Amino acid sequence: MSLCIAQAAGETITIAALAFSLGWTHSVEKTEWREEWRIEGAALRLTEARVKGSGAGMEPGEGARLKDGWWVWTPAIPPVDSLTLAASGATGAGWRLCANGRCREIGTDASAPLTLAPCG
């Protein structure tokens, strides 16, 4: 299985992975947020979310527990076909995508949304 990252310029990056994490800084609260995702067939499943605090638009989810300074929980949402990431330009950074022990910054340009999806 692979993850495809489609960029606005028509380029696609392919990452061979069954799972990946996304991390970013909340634009208002300036607090870290991380999510763990799995590729399941033609869908992406959010398996865990964690936030380093709470505040505007980032309250920990149902069943959250405090672990090593992070609120951690398993979101009860169905799998999705894709994720579209659109940078606000307010955080000074995009997202940190990690897979197979390797991380990269993506979506740093506020005018260029990205779409993450299982490669078909």
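The values are calculated or read from the model by the stated rules, or taken from the named source; none is laboratory data. Here the structure is a predicted model, which means the values were calculated and not measured. No Cβ is skipped: glycine too gets one built from the backbone with ideal geometry, and neighbour counts run over all protein chains shown.
For residue 53, work out the one condition from (1) modelled with pLDDT of 80 or more; (2) farther than 17 Å from residue 20 by Cα; (3) of a type outside the set (Phe, Trp, Tyr) it doesn't fulfil.
(1)
Of these, 93, 87, 117, 19, which one is out of contact with any Cys (no Cβ under 8 Å at 6 or more places or on another chain), at pLDDT 90 or above and aliphatic (A, V, I, L, M)?
Just one listed residue meets the conditions, 19.
May I ask you to list pairs of residues, at least six apart or on different chains, whose Cβ atoms are under 6 Å apart, with the first in region 93-113 being surrounded by 14 or more Cβ atoms within 10 Å (Cβ to Cβ) and the second being at pLDDT 95 or above and in a loop (DSSP other than H, G, I, E, B)?
Going by the 6 Å Cβ cut-off, the qualifying pairs are 99/17.
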